[in-house]
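**Student:** Below are the structure tokens for one structure; questions will follow.
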Amino acid sequence: SAGVRRVEAVTAKGCEEYLYMQEDLLREIKSLFENVPDVMQAIQKVIGDNEEMKKQLQAYLKERVEQLKQQLIDKRKAVNGVTLFKLLLPVGAPDTVKEIAYQLRGEFPEKMMFVAGTLVNDKPSLTVMLSDDLVAKGLNASNMVREAAKEIQGGGGGQPYYATAGGKNADGLNAAVELIVKKLAEA
């Protein structure tokens, strides 16, 4: 029935076994914290340290995004009248690549293409971002990524202006990126 609560009770020997299990659990937790006298304080310290490390990691990632973006801006090329940003990284976090793509799109709203080839957990990943004017001219990031993903034995898709793909063959990553650049040159 709706709204009815179930009460569970443990009595006699069952209660004793339950208490022993709880004591064993507490002993295991204490041993994890090297038998500190105040386990709660130790747990709170670990939680606090974890929060601080998360903040430091976020600050580092934000700084790393800025560095990578600036490197891309410095090394940008013009292909067929379009500003091309090409990123090849041996290791890349998808969120970082996406953040860079959207920042570049914001800073270069016209005639801009971003293409990235990265390894995520040892698997190749492709990302393409296009400015709206290129999409209006008929370029489609989703189609480009889908075709290039064959080079990395994978698949993908997305929207006309932003698409990603993943695959299995890391050796084909450079060829996949170059295929996307070639599509831009032919447009």
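**Student:** Run the numbers for ASP133 and GLU107: contour at 0.36 nm per residue of separation, minus the present Cα-Cα distance, in nm. Each step should come with its number before you reach the end.
**Tutor:** On the way: separation 26, 0.36 × 26 = 9.36 nm, distance 1.42 nm.
Residue separation times 0.36 nm, minus the Cα-Cα distance, leaves 7.9 nm.
**Student:** Amide H neighbours of ASN169 under 5 Å, counting only residues 5+ apart in sequence or on other chains, H built in-plane at 1.01 Å?
**Tutor:** GLN153
**Student:** Quick one: net charge of GLN67's neighbours, Cβ under 14 Å, K/R +1, D/E -1?
**Tutor:** Details: positive: LYS62, ARG64, LYS69, LYS75; negative: GLU63, GLU66, ASP74, GLU99.
Once positives and negatives cancel, what remains is 0.
**Student:** If you don't mind, another one. Using the basic label-point model (7 angstrom from Cα toward the beta carbon), what is the ALA187 to ARG64 distance in nanometres?
**Tutor:** Distance between the two pseudo-spin positions: 2.9 nm.
**Student:** Treating only the Cβ of Lys, Arg, Asp and Glu as charged (+1, +1, -1, -1), what charge dipole size does the chain show about its Cα centre? Round to the nearest 20 debye.
**Tutor:** About 840 debye.
**Student:** So what are the ³J(HN,Hα) numbers for the stretch 100-111, from phi and the Karplus equation (6.51, -1.76, 1.60; θ = phi - 60°), rounded to whole Hz, Gly and Pro as x?
**Tutor:** 4, 4, 5, 5, 5, 4, x, 7, 10, x, 10, 6
**Student:** For every other residue with a beta carbon closer than 15 angstrom to the beta carbon of GLY92, add +1 if it is Lys or Arg and -1 if Asp or Glu, then tell me the sum. Walk me through the intermediate numbers first.
**Tutor:** Working: positive: ARG64, LYS69, LYS86, LYS98, LYS123; negative: ASP95, GLU99, ASP122.
In short, +2.
**Student:** Note down the net charge around LYS30, summing +1 for each Lys or Arg and -1 for each Asp or Glu among other residues with Cβ under 13 Å from its Cβ.
**Tutor:** Values: positive: ARG27; negative: GLU23, ASP24, GLU28, GLU34, ASP38.
Taking every Cβ under 13 Å from that of LYS30, the sum is -4.
**Student:** Whats the longest run of the chain with zero GluC sites (Glu not before Pro) that are DSSP loop and have at most 14 other Cβ atoms within 10 Å?
**Tutor:** On the way: sites that count: GLU8, GLU34, GLU110.
It works out to 111-187.
**Student:** What is the calculated FRET efficiency for LEU89 to LYS45, with r their C-beta to C-beta distance and R₀ = 41 Å, to the nearest 0.05? Could you put the intermediate results ahead of the total?
**Tutor:** Working: r = 36 Å, r/R0 = 0.87.
That pair, LEU89 with LYS45, gives E of 0.70.
**Student:** Give the residue from MET53, GLY14, VAL115 lying farthest towards the positive end of the charge dipole for the chain; charges sit on Cβ (+1 for Lys and Arg, -1 for Asp and Glu) and the dipole is referred to the Cα centre.
**Tutor:** VAL115
**Student:** Pull out the extension gain between LYS30 and GLN159, defined as 0.36 nm times the separation in residues minus the alpha carbon to alpha carbon distance; nm, one decimal. Provide the component values of the computation, followed by the final result.
**Tutor:** Numbers: separation 129, 0.36 × 129 = 46.44 nm, distance 5.14 nm.
Contour length minus Cα-Cα distance gives 41.3 nm.
**Student:** If amide hydrogens are placed 1.01 Å from N in the peptide plane, which non-local residues have theirs closer than 5 Å to the one on SER131?
**Tutor:** MET112
All of the numbers you see were taken from the coordinates with simple rules; none came from a lab. None of the values given here were measured: they were computed from a predicted structure. When we count neighbours, we look across all protein chains shown, and the Cβ atoms used for this are built from the backbone with ideal geometry, even at glycine.
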